[in-house]
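K.L.:
Quick one: the structure is below, and I'll ask about it shortly.
The values are calculated or read from the model by the stated rules, or taken from the named source; none is laboratory data. It should be emphasised that the depicted structure is a prediction, and the values quoted were computed from it without experimental measurement. Neighbour counts are summed over all protein chains in view; Cβ atoms, including those assigned to glycine, are modelled from backbone coordinates with ideal geometry.
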Amino acid sequence: MANDLRTECCIAGGGPAGLMLGYLLARAGVEVVVLEKHADFLRDFRGDTIHPSTLAVLDDLGLLDAFLALPHQEVRELTADVYGQSVTIADFTHLPAPRPFMVLIPQWDFLDFIAGEARKLPNFSLRMGAKATGVVEEGGAVVGVTVQHIAARDADAEPQDAGGACEIRADLTFAADGRHTTLRESAGLASDDLGAPIDVLWFRLPRDPAHDRSQTGGYIRPGAMLVTLNRDDYWQCAYVIPKGTLPALQALGIPAFRERVCTVAPFLAAATSTLDDWDHIKLLEVQISRMPRWYRDGLLCIGDAAHAMSPVGGVGINLAIQDAVAASNLLADALREKRLCLGDLADVQHRREWPARVTQQAQIAIQNELLGPVLAGTTAPADLPLPLKLLQRLPLLRRLPARLVGMGVRPERVRTVPRAR
Ligand SMILES: Cc1cc2nc3c(=O)[nH]c(=O)nc-3n(C[C@H](O)[C@H](O)[C@H](O)COP(=O)(O)OP(=O)(O)OC[C@H]3O[C@@H](n4cnc5c(N)ncnc54)[C@H](O)[C@@H]3O)c2cc1C
């Protein structure tokens with residue numbers, strides 16, 4: 001096809017994993033094309049957390065001060081209101097990181113920031129509105145992807161007709177296309193579903209920045225859990241429900257749902273009047289899964305495509321970015337010098353599988369031991385669950401969840417150096 005292209009590395013997916021990887025590889029002198037199926041990053045179902053480990057990565061890259069100049073919030077402790085008692089769950093202030101706090105920032109701002117830095121590199125290209133529709137195979141290896149241009153594309157991309165198609169051939173293709181990955185299946189790679197008993201309802205409520213003193217936080221009441229993210233003039237709310245129960249909730253009607261939200265977080269009572277249609281409430285399906293094998297000749301899966309993370313603990317973005325850092329550390333030289341072999345791809349899985357496995361096990365334990373009983377409950381227990389009671393009484397213990405959430409298991413640092421093309 002006239003618009004076909006050849007590059008060294010093609011990355012499907014412009015989320016945290018794909019964009020960070022694209023930037024890191026391009027900075028290390030590899031020619032990179034990133035494909036993002038949406039026309040912009042302005043979608044509202046992404047996590048908003050940037051962890052201390054990612055701040056350390058930005059520091060390695062010399063981008064930390066510029067990033068922190070963007071409007072954001074700094075969270076030094078994570079506190080939840082559990083059956084009316086305030087429990088500090090994580091204390092980030094002791095973490096071994098250049099900035100021991102978590103940043104809350106709309107994810108589109110983070111992605112725009114990374115994309116902006118990456119675009120300064122001549123060997124980086126980001127194609128927006130470009131959906132990878134499948135892998136191209138030759139001689140048993142993946143040699144690229146087929147692409148459908150589904151929306152207005154990025155200004156610096158080659159002109160393509162909306163609706164047009166092309167093929168991009170690459171020495172290595174990455175599937176960083178999230179938990180509903182297209183490329184994984186197209187490449188015939190398997191994934192094990194580890195089960196997630198929850199889904200999330202995602203909606204906005206107005207917030208008055210001048211008068212509202214409440215901040216980002218979590219609220220647990222019998223049968224309900226709500227997380228509210230302060231986005232200045234509105235609250236981004238995540239209401240956790242047992243998987244598959246949305247139809248039953250809808251059958252009770254929207255006023256009943258408003259009532260539930262007010263019971264969990266009474267400070268939202270006035271704001272919930274704006275919630276007058278189920279169309280304002282998005283269902284986000286939670287999934288935990290992991291691929292037994294993340295790669296085959298010519299293709300490597302990273303981030304949620306390789307190991308879909310539950311929102312529990314808000315750690316999926318962290319893991320996705322850590323995968324990107326590890327992949328660029330391990331593969332950039334081999335890619336640039338055209339000596340990449342299957343063993344290099346295996347090395348990336350070997351390095352990152354254990355952190356994903358440990359984190360997912362922790363998420364499953366929290367889902368089953370803490371969230372399950374909360375959602376099934378009709379009355380508040382006489383006592384807080386033991387782990388929360390310990391966290392309330394022993395401040396030193398709060399450093400442990402802070403470590404798991406803020407740094408993750410086996411945090412990565414950037415080992416590549418900038419190379420001009
Ligand atoms: C309800 C919910 C809330 C969450 N909240 C948090 C949180 O607060 N903090 C946190 O750390 N984690 C959170 N997570 C987990 C987190 O969102 C993921 O782990 C993380 O986004 C994974 O990053 P990724 O880059 O691998 O994939 P994604 O963020 O899913 O990015 C994939 C990208 O690929 C694009 N894409 C998809 N298919 C194609 C294709 N065929 N071609 C081209 N592009 C494609 C998508 O548009 C998207 O931009 C949450 C998850 C859920 C379900």
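K.L.:
Do any residues in the stretch 207-222 that are under 22 Å from residue 312 (Cα atoms) have Cβ atoms under 9 Å from those of residues that are of a type in the set (Asp, Glu) and part of a loop (DSSP other than H, G, I, E, B), where the two are at least six apart or on different chains, and which pairs are they?
P.N.:
The qualifying pairs are 216/48.
K.L.:
Mind checking which residues of the stretch 397-421 are over 18 Å from the mean Cα position of the chain (by Cα) and under 23 Å from residue 62 (Cα atoms)?
P.N.:
413, 414, 415, 416, 417, 418, 419, 420, 421
K.L.:
For the stretch 371-405, which residues satisfy the criterion of being assigned to a loop (DSSP other than H, G, I, E, B) and in contact with a Phe, Trp or Tyr (Cβ under 6 Å, 6 or more places away or on another chain)?
P.N.:
Once the filter is applied, which keeps residues that are assigned to a loop (DSSP other than H, G, I, E, B) and in contact with a Phe, Trp or Tyr (Cβ under 6 Å, 6 or more places away or on another chain), the stretch 371-405 yields only 380.
K.L.:
Also, quick follow-up: Take residue 284 and decide whether it is in contact with a Pro (Cβ under 9 Å, 6 or more places away or on another chain) and touching a residue at least 60 places away in the same chain (Cβ under 8 Å).
P.N.:
yes
K.L.:
Determine whether residue 267 is aromatic (Phe, Trp, Tyr) and in a helix (DSSP H, G or I).
P.N.:
Yes: the conditions hold for residue 267.
K.L.:
Checking the condition more than 27 Å from residue 410 (Cα to Cα), hydrophobic (A, V, I, L, M, F, W, C), modelled with pLDDT under 95 and crowded, with 17+ Cβ neighbours inside 10 Å, which residue from 82, 142 passes?
P.N.:
Result of the check over 82, 142: 82.
K.L.:
Out of everything in the stretch 17-43 that is assigned to a loop (DSSP other than H, G, I, E, B) and within 12 Å of the ligand (Cβ to nearest atom), what residue ends up being surrounded by the fewest Cβ atoms within 10 Å (Cβ to Cβ)?
P.N.:
43
K.L.:
Have a look at 381, 355 and point out the one that is buried (at least 18 other Cβ atoms within 10 Å of the Cβ) and on the phi < 0 side of the Ramachandran plot.
P.N.:
355
K.L.:
Do we have any residue at all in the stretch 44-61 that's surrounded by 21 or more Cβ atoms within 10 Å (Cβ to Cβ), within 16 Å of the ligand (Cβ to nearest atom) and part of a strand (DSSP E or B)?
P.N.:
yes
K.L.:
What strands (runs of 3 or more DSSP E), lying completely within the stretch 71-120, carry at least 2 residues that are of a type in the set (A, V, I, L, M) and over 17 Å from the mean Cα position of the chain (by Cα)?
P.N.:
77-82, 85-91
K.L.:
While we're on this one: Which of the residues that make up the stretch 98-136 are of a type in the set (Gly, Ala, Ser) and surrounded by fewer than 20 Cβ atoms within 10 Å (Cβ to Cβ)?
P.N.:
116, 134
K.L.:
Return the pairs, sorted by first residue and then second, in which the second residue is within 9 Å of the ligand (Cβ to nearest atom) and assigned to a loop (DSSP other than H, G, I, E, B), the first residue lies in the stretch 181-192 and is under 14 Å from residue 304 (Cβ atoms) and in the same structural domain as residue 146 (by TED's automatic domain parsing), the beta carbons are less than 7 Å apart, and the residues are 6+ apart or on different chains.
P.N.:
Final answer for the pair search is 183/177.
K.L.:
Cβ-Cβ distance below 9 Å, separation of 6 or more or different chains: which pairs start in the stretch 158-169 with a residue that is farther than 18 Å from residue 10 by Cα and end on one that is of a type in the set (Gly, Ala, Ser) and at pLDDT 85 or above?
P.N.:
162/129
K.L.:
Go through the stretch 276-310 residue by residue and tally those that are within 16 Å of the ligand (Cβ to nearest atom), part of a strand (DSSP E or B) and modelled with pLDDT of 95 or more.
P.N.:
Result for the stretch 276-310: 6.
K.L.:
Hand me the list of strands (runs of 3 or more DSSP E) wholly inside the stretch 188-260 holding 2 or more residues that are of a type in the set (D, E, K, R) and under 27 Å from the mean Cα position of the chain (by Cα).
P.N.:
198-206
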